[in-house]
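Visitor: I have a structure here, written as structure tokens, and I will follow up with some questions on it.
The values are calculated or read from the model by the stated rules, or taken from the named source; none is laboratory data. Here the structure is a predicted model, which means the values were calculated and not measured. Using ideal geometry, Cβ is built from the backbone for each residue, glycine included, and neighbour counts are taken over all protein chains shown.
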Amino acid sequence: MTETTPLSHYVRSSRLDYQLRYELLGKALLRVQRWRDQRKLAGLRPREDSVLNPPLRCVAYMKEMMSRHYLEGRYANGVRKVAWVTSGAPAELLKALDFFLIYPENHAALCGVRRKAESLCEEAEHDGYSRDICSYGRTDIGAMLSGKTPAGRLPRPDLLLCCTNICQTVLYWYRVLAAHFGCPLILIDTPFLYHEAEAHQVAYVQRQLEEMVSVAEQVAGRSFSERSFMQVVDHSRRASELWLEVLNRSRHRPAPMTAFDGFIHMGPIVDMRGDPETTDYYERMLDELDERIRNGVGAIKEERYRVLWDNLPIWYKIGDFSKWLGGHGVNVVASTYTYAWGELSPMIDPSKPFESMARVYLHPILNRSTGHKLSSMQRMVDEFHLDGVILHSDRSCKPYSLGQIDQRDHLVQEMGIPALLLEADHNDPRAYAEEQSTQRLEAFIEMMEARA
Amino acid sequence: MPIADRLTARKAIIERVRGLGRKVVAVLPFHYPRALLRAYRLHPIEVWGPPNVPRDKGSQHFQAYTCDIVLKATSFLLRGGMDPVDAILVPHTCDALQGMASVTADFLKPRQPVLTLYLPRGCRDSDRAFLIAELRRLAGCCAEISGHKPNEADWAEAFAAEEAADRALASLYQRRPRLALSDRDFYTAVRSREFLTAEDFGELAASLPEGDPPADGVGLMLSGIVAEPLELFDRINEMGAHVVADDLACGYRRVYPPAAESDPFARIAAQLLACPPDPTRGSPIEQRVAALRSRMRESGAQGLLIYDVKFCEPELFDIPLLRKHLAAAGLPVLHVEFEMGMTVSRQVLTRIEAFVETLQ
């Protein structure tokens with residue numbers, strides 16, 4: 001059953017390669033690139049022909065961090081143990097065992113932003129995967145089968161860690177990965193919370209976290225240290241707190257960043273939470289946002305309407321949406337999606353790492369009821385002083401999307417604000433109709449104008 | 001006489017079980033603890049659509065990319081189809097049913113309580129312990145609905161009845177080659193477990209005649225969630241094929257082996273966790289391939305027909321690897337998707353027909 005043919009695109013590196021190409025040359029080149037980017041960004045002034053103000057300067061650091069991450073991945077096999085993990089998985093445990101982590105969802109999003117997802121989806125479809133399954137899954141399976149990736153090369157996993165707190169889809173997807181790579185799959189199953197979490201649900205997740213240690217130790221070839229785990233959890237907590245603060249800065253008017261910026265800047269909190277440099281990065285970002293707030297600089301030049309985005313972004317349209325909406329005076333200042341990596345930070349307690357991580361990983365918005373999501377959106381409408389809500393009805397993400405029709409109706413009826421259901425797919429552009437979407441967005445803006 | 005004509009209508013069954021002091025629960029697909037419901041004096045009537053209900057009311061709450069089981073069951077609820085029942089139980093089978101349970105409880109707010117059951121996706125000790133606790137939680141909800149807390153005798157009676165019905169179902173599958181039943185009649189009998197009492201199902205199963213099976217020709221194994229409408233079996237027979245085995249959620253995937261635990265909750269958990277390999281329960285693909293290969297060989301199935309309700313993600317992910325590994329074992333696979341209705345589309349039938357021809 002296991003894929004036995006050698007996969008040419010998964011290469012074992014030597015320690016020398018790793019040291020030379022990643023540690024020495026790669027890091028230095030990326031640092032030089034970052035200096036160049038910094039200089040370029042520092043020299044940017046608002047352009048008359050642009051509806052947006054110049055991007056945040058800290059993006060140069062983020063680009064360096066993410067590039068370094070994927071560069072290390074190219075040479076990781078044979079040097080570090082590699083785990084592929086879902087975006088909502090308790091990665092802190094693996095970090096404490098020095099695993100190098102790859103987040104297939106983040107990789108798929110990268111493919112989406114670079115507009116490579118469609119061809120990778122087609123690779124998967126050519127192999128028999130239906131167009132009706134999640135486009136993240138299809139993108140990554142396509143990359144796995146073809147070896148094509150804008151990241152250069154992904155390392156082959158020694159371990160898979162799948163947590164069902166975002167959907168059941170990841171389990172089906174990771175079973176395919178497990179069959180393909182023939183490596184152990186650790187499942188952290190998180191019961192869906194229709195109401196508040198009950199003791200047996202927390203105990204179940206905690207026990208699975210405790211049980212995964214021995215499997216991970218075996219693969220890692222080293223012993224687990226609770227002290228290291230607590231340190232990683234502490235970094236994770238601090239980074240999540242900072243990320244929440246970053247997002248909450250958009251409560252200011254004008255908002256210093258857009259949710260589209262948030263989608264891009266969430267890379268480190270998804271991929272590198274638990275690393276000290278992630279904390280440094282969000283401190284830097286927060287400083288820059290505060291500077292913008294002090295100077296009254298918004299992300300868009302003329303912020304007339306403030307909007308909430310629900311669900312995953314439409315990765316291949318981020319730039320277009322940002323400009324088009326900005327051109328109509330619409331700033332998408334908040335999103336339920338980016339909040340998911342920040343709102344649980346108060347639950348993280350490094351002194352009780354297993355119990356608190358069990359609680360945290362049970363409570364993402366995607367693992368909670370449709371009524372809870374509505375309440376979260378209503379709270380955000382108030383706290384961010386919003387004029388409307390765009391609910392991305394994401395064909396590829398059913399747990400996020402089912403319930404949106406009623407959520408929209410409640411937002412309109414109870415809060416009296418316009419709310420738009422926008423049909424698309426987070427990674428597959430073939431499920432997006434440009435003309436129809438534009439017309440619906442125009443009508444949505446007209447409704448906000450009528451209310452103003 | 002066709003089996004369907006021998007079955008008591010659901011409405012009459014509801015009246016009868018009420019007469020026995022039981023309340024009625026509408027149950028969505030598909031793993032759930034029958035013995036627990038019975039011990040708490042509840043009777044399940046399952047809802048798999050139904051196929052004859054329009055999607056309209058469901059479409060007012062769920063997007064077009066939602067599976068028909070959820071769309072139609074929601075329509076059925078909003079059209080008053082579940083009015084006679086006292087509670088609605090939605091097991092956590094997939095993301096779509098999770099969405100349905102949540103929307104129903106949070107927004108549709110029917111008169112009846114909406115009960116849920118999370119089924120763990122593994123078979124580890126932690127999964128078993130969790131499922132036992134989850135069943136105890138469900139039992140608390142059941143007690144509120146029926147006002148009854150079972151004693152030892154109630155549990156013993158419930159296990160005796162439901163396990164006898166489980167054995168009767170397993171026996172039906174074992175006797176399948178010897179039963180003088182058309183495919184339609186066989187699956188009508190299997191699926192009557194969805195609403196009959198355990199005793200009535202046992203009686204029906206025992207009464208089915210043995211003899212020469214009416215259908216012959218190419219043997220197929222049928223996989224998926226639910227084979228609707230039953231007309232499908234007639235059309236398959238007309239093509240010169242017949243269904244010799246299945247891997248259906250409404251069929252063989254619920255042939256639970258007996259368990260011997262003394263604690264009732266542990267016993268139910270053991271049974272549910274020991275179900276045949278099932279993608280909705282997170283079974284590794286290797287297990288599914290091995291089980292399908294072995295059962296196809298035993299039953300003489302020449303090909304696997306995967307008949308999926310449109311947008312059923314748990315089933316869709318496994319298909320390429322199932323196809324690859326079964327084909328390597330000389331067992332061809334055809335995957336078709338259908339929209340649930342009263343007839344099978346011509347397009348679907350043409351594909352099945354072509355598949356049968358290649359097997360002939």
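Visitor: Being touching a helix residue (DSSP H, G or I) at 6+ places or on another chain (Cβ under 8 Å) and over 26 Å from B:A291 (Cβ atoms) narrows it down to one of B:E199, B:E203, so name that one.
Guide: Only one candidate qualifies: B:E199.
Visitor: So, of the residues in region B:113-134 that are assigned to a helix (DSSP H, G or I) and among the charged types (D, E, K, R), which turns out to be surrounded by the fewest Cβ atoms within 10 Å (Cβ to Cβ)?
Guide: Going through region B:113-134, the residues assigned to a helix (DSSP H, G or I) turn out to be B:125-134.
Cutting the leftovers down to among the charged types (D, E, K, R) gives us B:125, B:127-128, B:134.
Working: B:D125: 10, B:D127: 22, B:R128: 18, B:E134: 24.
The residue in question is B:D125.
Visitor: Does A:C121 qualify as being surrounded by 19 or more Cβ atoms within 10 Å (Cβ to Cβ), more than 9 Å from chain B (Cβ to nearest Cβ) and either part of a helix (DSSP H, G or I) or modelled with pLDDT of 95 or more (or both)?
Guide: Judged against the criteria, A:C121 is a match.
Visitor: Mind counting the residues in region A:176-190 that are more than 17 Å from A:V215 (Cα to Cα) and within 10 Å of chain B (Cβ to nearest Cβ)?
Guide: Residues in region A:176-190 being more than 17 Å from A:V215 (Cα to Cα) and within 10 Å of chain B (Cβ to nearest Cβ): 4 in total.
Visitor: Confirm whether A:V213 is touching a residue at least 60 places away in the same chain (Cβ under 8 Å), surrounded by 21 or more Cβ atoms within 10 Å (Cβ to Cβ) and β-branched (V, I, T).
Guide: No.
Visitor: What is the residue count in region A:395-414 for residues that are more than 17 Å from B:P314 (Cα to Cα), among the aliphatic types (A, V, I, L, M) and within 8 Å of chain B (Cβ to nearest Cβ)?
Guide: 1
Visitor: Now for a separate question. Checking the conditions here, which among B:A249, B:A266, B:A259, B:A241 is touching a Lys or Arg at 6+ places or on another chain (Cβ under 7 Å), among the small types (G, A, S) and in contact (Cβ under 8 Å) with a residue 12 or more places away in the chain?
Guide: Numbers: B:A249 fails: touching a Lys or Arg at 6+ places or on another chain (Cβ under 7 Å); B:A266 fails: touching a Lys or Arg at 6+ places or on another chain (Cβ under 7 Å); B:A241 fails: touching a Lys or Arg at 6+ places or on another chain (Cβ under 7 Å).
Answer to the check: B:A259.
Visitor: Which of the numbered conditions does B:L305 fail, given that it passes all the others? Conditions: (1) more than 22 Å from A:D189 (Cβ to Cβ); (2) in contact with a Ser or Thr (Cβ under 8 Å, 6 or more places away or on another chain); (3) within 14 Å of chain A (Cβ to nearest Cβ).
Guide: Here B:L305 clears every test but (3).
Visitor: A further question on this structure: Report, by residue number, each residue of region A:191-209 that is within 8 Å of chain B (Cβ to nearest Cβ), outside any helix (DSSP H, G or I) and not hydroxyl-bearing (S, T, Y).
Guide: A:P191, A:F192, A:E198
Visitor: Here is a follow-up. Just to verify a result, which residue in region B:149-195, among those that are over 16 Å from the mean Cα position of the chain (by Cα) and outside any helix (DSSP H, G or I), is farthest from B:Y32 (Cα to Cα)?
Guide: B:A180
Visitor: Also, I was wondering about something else. State the number of residues belonging to region A:345-393 that are within 13 Å of chain B (Cβ to nearest Cβ), under 30 Å from A:Q439 (Cβ atoms) and out of contact with any Asp or Glu (no Cβ under 9 Å at 6 or more places or on another chain).
Guide: Residues in region A:345-393 being within 13 Å of chain B (Cβ to nearest Cβ), under 30 Å from A:Q439 (Cβ atoms) and out of contact with any Asp or Glu (no Cβ under 9 Å at 6 or more places or on another chain): 1 in total.
Visitor: Restricting region B:314-341 to residues that are part of a loop (DSSP other than H, G, I, E, B) and within 8 Å of chain A (Cβ to nearest Cβ), which is surrounded by the most Cβ atoms within 10 Å (Cβ to Cβ)?
Guide: The qualifying residue surrounded by the most Cβ atoms within 10 Å (Cβ to Cβ) is B:F317.
Visitor: Quick one: B:P44 ticks every box in (1) at pLDDT below 95; (2) assigned to a strand (DSSP E or B) bar one, so which box is it?
Guide: If we test B:P44 against (1) at pLDDT below 95; (2) assigned to a strand (DSSP E or B), just (1) comes out false.
Visitor: Still on this model: Looking at B:F311 and the list (1) within 13 Å of chain A (Cβ to nearest Cβ); (2) of a type in the set (F, W, Y); (3) in a helix (DSSP H, G or I), which single condition is not satisfied?
Guide: (3)
Visitor: Can you tell me which condition B:K72 does not meet? The list is (1) assigned to a helix (DSSP H, G or I); (2) crowded, with 19+ Cβ neighbours inside 10 Å; (3) within 14 Å of chain A (Cβ to nearest Cβ), and all the others hold.
Guide: Result: B:K72 passes all but (3).
Visitor: Okay, moving on. In region A:139-164, which residues are in a loop (DSSP other than H, G, I, E, B) and more than 12 Å from every other protein chain (Cβ to nearest Cβ)?
Guide: Going through region A:139-164, the residues in a loop (DSSP other than H, G, I, E, B) turn out to be A:147-158, A:164.
Hits for region A:139-164 are A:G147, A:K148, A:T149, A:P150, A:A151, A:G152, A:R153, A:L154, A:P155, A:R156, A:P157, A:D158.
Visitor: Here are some conditions: (1) in contact (Cβ under 8 Å) with a residue 24 or more places away in the chain; (2) more than 22 Å from the chain's Cα centre (by Cα). B:H335 meets all but one. Which one does it not meet?
Guide: With (1) in contact (Cβ under 8 Å) with a residue 24 or more places away in the chain; (2) more than 22 Å from the chain's Cα centre (by Cα) applied to B:H335, the lone miss is (2).
Visitor: Follow-up. Across region B:81-120, what is the total count of residues that are in contact (Cβ under 8 Å) with a residue 24 or more places away in the chain, more than 24 Å from B:T280 (Cβ to Cβ) and within 11 Å of chain A (Cβ to nearest Cβ)?
Guide: 1
Visitor: Another question about this same structure. Which of the residues that make up region B:1-43 are over 15 Å from B:V190 (Cα atoms) and charged (D, E, K, R)?
Guide: Once the filter is applied, which keeps residues that are over 15 Å from B:V190 (Cα atoms) and charged (D, E, K, R), region B:1-43 yields B:R10, B:K11, B:E15, B:R16, B:R18, B:R22, B:K23, B:R34, B:R38, B:R41.
Condition check ((1) at pLDDT below 95; (2) small (G, A, S); (3) closer than 25 Å to B:A153 by Cα) across all residues:
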| site | (1), (2), (3) |
| --- | --- |
| B:L230 | yes, no, no |
| B:V243 | no, no, no |
| B:L248 | no, no, no |
| B:Y252 | no, no, no |
| B:P257 | yes, no, yes |
| B:D263 | no, no, yes |
| B:I268 | no, no, yes |
| B:P277 | no, no, no |
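Visitor: Do we find a residue being closer than 12 Å to A:P155 by Cα and not in a strand (DSSP E or B) anywhere in region A:88-98? Break it down stepwise before answering.
Guide: Quick first cut of region A:88-98, residues closer than 12 Å to A:P155 by Cα only: none.
No, the conditions are met nowhere in region A:88-98.
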